[in-house]
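Since the structure comes first, as structure tokens, the remarks are kept for the end.
The values are calculated or read from the model by the stated rules, or taken from the named source; none is laboratory data. Quick caveat, the model's predicted, so the values are computed rather than measured. Backbone-built Cβ (ideal geometry, glycine too); neighbour counts: all protein chains shown.
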Amino acid sequence: MSSQPFQPADRYAAAAPALDDARLYRSVRTRRILAFCIDYLIVGLLLIPVSIIVGLLGIITLGLGWMLFGILAPIVALIYVYSTMGSAKQATMGMRAMSIRLERLDGGRVDGLLAVVHSVLFWAGNVILTPFILLASLFLSRKRTLHDLLLGTVVIRTDR
């Protein structure tokens, strides 16, 4: 007899039964879209004070600080995603408002790095495939998108 613990053949097999409840995925696609709109608005509002700071920095540095405006929106968005989706709640403010959260299929916790990679893959997919990236959720199990599939994640409802 082996002294090693039992390892399921499929690395997602351990968490799969808990995530197989169909109620967890009802209207998730719609909730994801609405959560995105809320998060987009929040990032836009966060850009206002940060832009003022960069504007003042540009005045102090005789215009050199204004070069930061080109990367300001992505940096603010990534910090927002890192600090919200990468937190213990595993959801951005928009996701919390829509009662959804990101889960890993292997049962692990979503950390800040995974949250940022998830966001970057979402935007890269949108640049390449435009909004058609959402069409994958019509055909993939658990209403997952391509970046969910690549990262082994799923978005579930928290109110079920």
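Among residues of region 9-30 that are under 12 Å from Arg160 (Cα atoms), those with a Cβ under 8 angstrom from a residue that is among the aliphatic types (A, V, I, L, M) and modelled with pLDDT of 85 or more, sequence gap 6+ or separate chain, pair up as Leu19/Leu105; Leu19/Val154; Leu19/Ile156; Leu24/Ile156; Tyr25/Ile156; Val28/Ile100; Val28/Val155; Val28/Ile156. With respect to Ser137, is the statement that it is at pLDDT below 95 and surrounded by 15 or more Cβ atoms within 10 Å (Cβ to Cβ) true? Spelling it out, Ser137 is indeed at pLDDT below 95 and surrounded by 15 or more Cβ atoms within 10 Å (Cβ to Cβ).
The numbered conditions (1) in contact with a strand residue (DSSP E or B) (Cβ under 7 Å, 6 or more places away or on another chain); (2) among the acidic types (Asp, Glu); (3) not in a strand (DSSP E or B) are all true for Glu103 except (3). Does Gly55 qualify as being more than 20 Å from Gly152 (Cα to Cα), of a type outside the set (Val, Ile, Thr), free of Cβ contacts under 8 Å to residues at least 40 places away in the same chain and in contact with a Phe, Trp or Tyr (Cβ under 8 Å, 6 or more places away or on another chain)? It is true that Gly55 is more than 20 Å from Gly152 (Cα to Cα), of a type outside the set (Val, Ile, Thr), free of Cβ contacts under 8 Å to residues at least 40 places away in the same chain and in contact with a Phe, Trp or Tyr (Cβ under 8 Å, 6 or more places away or on another chain). The test for being surrounded by fewer than 15 Cβ atoms within 10 Å (Cβ to Cβ), modelled with pLDDT under 95 and outside any helix (DSSP H, G or I) does not hold for Ala18.
Checking each residue in region 79-95 for being more than 20 Å from Arg144 (Cβ to Cβ) and buried (at least 18 other Cβ atoms within 10 Å of the Cβ) picks out Tyr80, Thr84. From the list Leu56, Leu62, pick out the single residue that is more than 26 Å from the chain's Cα centre (by Cα), at positive phi and either β-branched (Val, Ile, Thr) or surrounded by fewer than 15 Cβ atoms within 10 Å (Cβ to Cβ) (or both). Only one candidate qualifies: Leu62.
Among the residues of region 33-55, those that are under 21 Å from Ile71 (Cβ atoms) and among the aliphatic types (A, V, I, L, M) comprise Leu41, Ile42, Val43, Leu45, Leu46, Leu47, Ile48, Val50, Ile52, Ile53, Val54. Tallying residues that are farther than 30 Å from Met98 by Cα and either surrounded by 12 or more Cβ atoms within 10 Å (Cβ to Cβ) or modelled with pLDDT under 95 (or both) within region 35-53 yields 1.
Selection within region 21-34: residues that are more than 15 Å from Leu134 (Cβ to Cβ) and of a type in the set (D, E, K, R). The member of this set that is surrounded by the fewest Cβ atoms within 10 Å (Cβ to Cβ) is Arg23.
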